[in-house]
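Peer 1: Okay, here's the structure, questions in a sec.
Bear in mind that the values in this text are calculations on the coordinates, not laboratory data. Keep in mind it's a predicted model, so treat the numbers as computed, not measured. Cβ coordinates were reconstructed from backbone atoms using ideal geometry, including for glycine residues, and neighbour counts include every protein chain displayed.
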Amino acid sequence: MKQRSPDFHLALRIVHWLMAMLVLAMLFIGVGMVSTTGPLYPALLTWHRPIGMAILMLVLIRMPLRLVTGAPPLPRNLSPLQGTIAKGSHVLLYASMIAMPLIGWGMLSAGGYPIQVTEGLLLPAILPHDLKLYAALRTAHTIVALLFFTLILVHLAAALMHGLVRRDGVLRSMTVGHRSLRSGSAGG
Amino acid sequence: MPPPSKRTFAGATALIGTIVLLLVVGFAWAAGWIGDRRISGDDVLAAIEYNGGSHPGYRRAHAKGLCFSGSFEANDAGAALSSAAALGHGNYPVIGRFSLAGGNPLATDGRNVFHSMALLIRTPDGQEWRMALDHTPIFPVADAASFVALQRATRPDPATGKPDPVVMKPFLATHPEVKAFQDYMAKAVLPDSFANATYYSINAFRFTDTGGITRFVRWQFVPEAPLTGIDKAHLGSLPRDALFKEMITRTARGPSRWHLKLVVANPGDITDKATVAWTGPHRTIDAGTLVLTAVEPEETGACRDIVFDPTILPSGIALSDDPLLAARSKSYSSSFTRRAGEDAGPSAAAKLQEHSR
């Protein structure tokens, strides 16, 4: 049997960190822009849509990449419950990354808005113009965003626990990888 | 790997906790939950409802309305100022809405308030130009904070039906622009039809032509019908839906027309304050004709489910630095989101239709 790599594929690691920055920026931009009637509202809105679409495109590249290249095995000393939580939280993270831009796109469609991503890029509506649908999706956009942010905090805390406390190579598998560990002098 | 000592465990968890806490605090600050007070869309809606009561299901401002449809026949002259498709030669479909100021959808028409026209012009490239225009060239306030203060200061006293002078006097003393607007409104002709009023863009916008040159522009729709005014001394005796009825009757006889006049700012004109009029001669371009062919109550018309957000603009037209534009955009959006989840009662125009049957 072929030995599974202890690390995520390099391409997956790059997309992970790129998306981590975009998603975090997006969540801050989102809650910031809806909080104010000041000039920041239209200014942030012009960033919100293109970043959202970039996230949707990146996750559509990332998912097949993840399915093809796989994930490193979890540490053996992890309990089955912890393993289930780890896998479940990753499924939810992926679901949020796909759902948020789609809800946003669908929400603008149902609200009868032109879906202007950038000045030159208009997208078609993906749902009928229906205010009840708009209201439901607008609420969902907020709730999923807050859950997504909470999930990211848990994910970050867990990753740091692996890296700083358990030191079991899980954090390394999504950062510098184990090859640099073997070739370098550091490690334990 | 050696197991971490108790000390490193405590240090590591403290570090992790701090990182997570910093993110939570930063997020709460971005969301406006902590830190400096900012004026949200909900704050603006709360001020409007403080002034005029709550009317669920309707637009929080300009609640009393009538849908219309027609077209905009652009003559290409506007292309000298903007590359927007709607200004290039052609005939573009229009969805519009007449309205009167205030949050009450069944208010009387006999009030010396804004008569308004909202428009959506759609071009074949899929772009939209949305507008929310008023029959005055200026607005009473320049920003969201003053708008909120105005709504609170002008709340009608239930005993007199007029704003409380004890509140109003100090407010006007600190807001000379509101006083100037009130003086203007007192003197200005109050149009006796939606069809014979000039409607103004209120704010200035940035127009960019195909050569990349940018100019500040305000615009107005000037009616072909001659302006006649309501006798303001007898506003109270005007039937409740007089203006709406007149427009329905008039449109049954034939279309109404307006000319889109683009007014280019002179050097020195104020472009970030809607309270200041542009006076004296200006370069003005007649960019085409708005032809209104049909009116319909909101129940059946196309306008009800649209937010006429004046910041939804085609390429070639962009926002100016006027802070009122952002405030209008966010407040309209908040109003739209609220009413989308509520059920509205009938519109005044629908009841008019029932009575005429």
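Peer 1: Output the Kirkwood hydrodynamic radius of chain A, Cα pairs only, in Å rounded to one decimal.
Peer 2: 18.5
Peer 1: If you average over every viewing direction, what projected area does the convex hull of the Cα atoms of chain B give, in nm²?
Peer 2: Its Cα hull, projected and averaged over all orientations, spans 26.4 nm².
Peer 1: Report, by chain and number, residues whose modeled amide H sits under 5 Å from the one on B:Gly288, excluding near sequence neighbours (fewer than 5 apart, same chain).
Peer 2: Here the answer is B:Asn75, B:Leu260, since their amide H atoms fall under 5 Å of that of B:Gly288.
Peer 1: How well do other chains shield peptide A:130-139, expressed as the mean number of their Cβ atoms within 10 Å of each residue Cβ?
Peer 2: For this peptide, the per-residue mean of nearby foreign Cβ atoms is 4.
Peer 1: Also: Counting only residues 5 or more places away or on other chains, whose amide H sits under 5 Å from the amide H of B:Leu319 once H atoms are built in the peptide plane?
Peer 2: Placed amide hydrogens put B:Arg206 under 5 Å from B:Leu319.
Peer 1: Separate question: How large is Rg/Rh for the protein assembly as shown, to two decimals, with Cα atoms and a Kirkwood Rh?
Peer 2: 1.07
Peer 1: Taking beta carbons within 10 Å but only from partner chains, what does the mean come to for residues A:106-114?
Peer 2: On the way: counts 0, 1, 0, 0, 2, 7, 8, 8, 10.
Going residue by residue through A:106-114 and averaging, the value is 4.
Peer 1: Oh, and also: Please report, in whole Å, how far the alpha carbons of region B:7-156 spread along each principal axis, starting with the longest.
Peer 2: Projected onto its principal axes, the Cα set of region B:7-156 covers 77, 46, 28 Å.
Peer 1: If you plug each phi of region A:67-83 into the Karplus form 6.51 cos²θ - 1.76 cosθ + 1.60 with θ = phi - 60°, what whole-Hz ³J(HN,Hα) values come out, in order, with x for Gly and Pro?
Peer 2: Couplings: 5, 7, 8, x, 10, x, x, 6, x, 5, 7, 7, 5, x, 5, 4, x Hz.
Peer 1: Could I ask something else about it? Can you compute 3J(HN,Hα) from phi for each residue in region A:92-103, using the Karplus curve 6.51 cos²θ - 1.76 cosθ + 1.60 with θ = phi - 60°, rounded to whole Hz and x for Gly and Pro?
Peer 2: Rounded to whole hertz, the list is 5, 4, 4, 4, 5, 4, 7, 5, 4, x, 5, 5.
Peer 1: I'd like the Karplus ³J(HN,Hα) series for region A:131-141: coefficients 6.51, -1.76, 1.60, θ = phi - 60°, whole numbers in Hz, and an x wherever there's a Gly or Pro.
Peer 2: 5, 5, 5, 4, 4, 5, 5, 5, 5, 4, 4
Peer 1: What residue among B:Asn196, B:Pro56, A:Leu12 has its Cα farthest toward the positive end of the dipole of the protein assembly as shown, where the charges are +1 on Lys, Arg and -1 on Asp, Glu, each on the Cβ?
Peer 2: Positive-end residue among those listed: A:Leu12.
Peer 1: Quick one, what does Rg over Rh come out to for region B:243-293 if you take C-alpha atoms and the Kirkwood Rh? Can you show the working numbers first?
Peer 2: On the way: Rg = 16.2 Å, Rh = 13.8 Å.
Rg divided by Rh gives 1.18.
Peer 1: Work out which helices of chain B, taken as complete DSSP H runs, extend at least 30 Å along their axis over the Cα atoms and score a mean Kyte-Doolittle of 1.0 or more, then list them.
Peer 2: Counting only whole DSSP H runs, the qualifying helices are B:6-30.
Peer 1: Positive end of the charge dipole of region A:10-177 (Lys, Arg +1 and Asp, Glu -1 on Cβ, about the Cα centre): tell me which of A:Gly169, A:Val68, A:Ala135 has its Cα farthest that way.
Peer 2: Looking along the dipole axis, the top candidate is A:Gly169.
Peer 1: Take the eigenvalues of the Cα gyration tensor for region B:58-103, scale each by 5, and report the square roots as semi-axes in whole Å, largest first.
Peer 2: One finds semi-axes of 30, 12, 7 Å for region B:58-103.
Peer 1: Okay, next question. Sort B:11-24, A:79-92 for me by packing, meaning the mean count of neighbouring Cβ atoms within 10 Å per residue, highest on top.
Peer 2: For the peptides B:11-24, A:79-92, the packing ranking is B:11-24, A:79-92.
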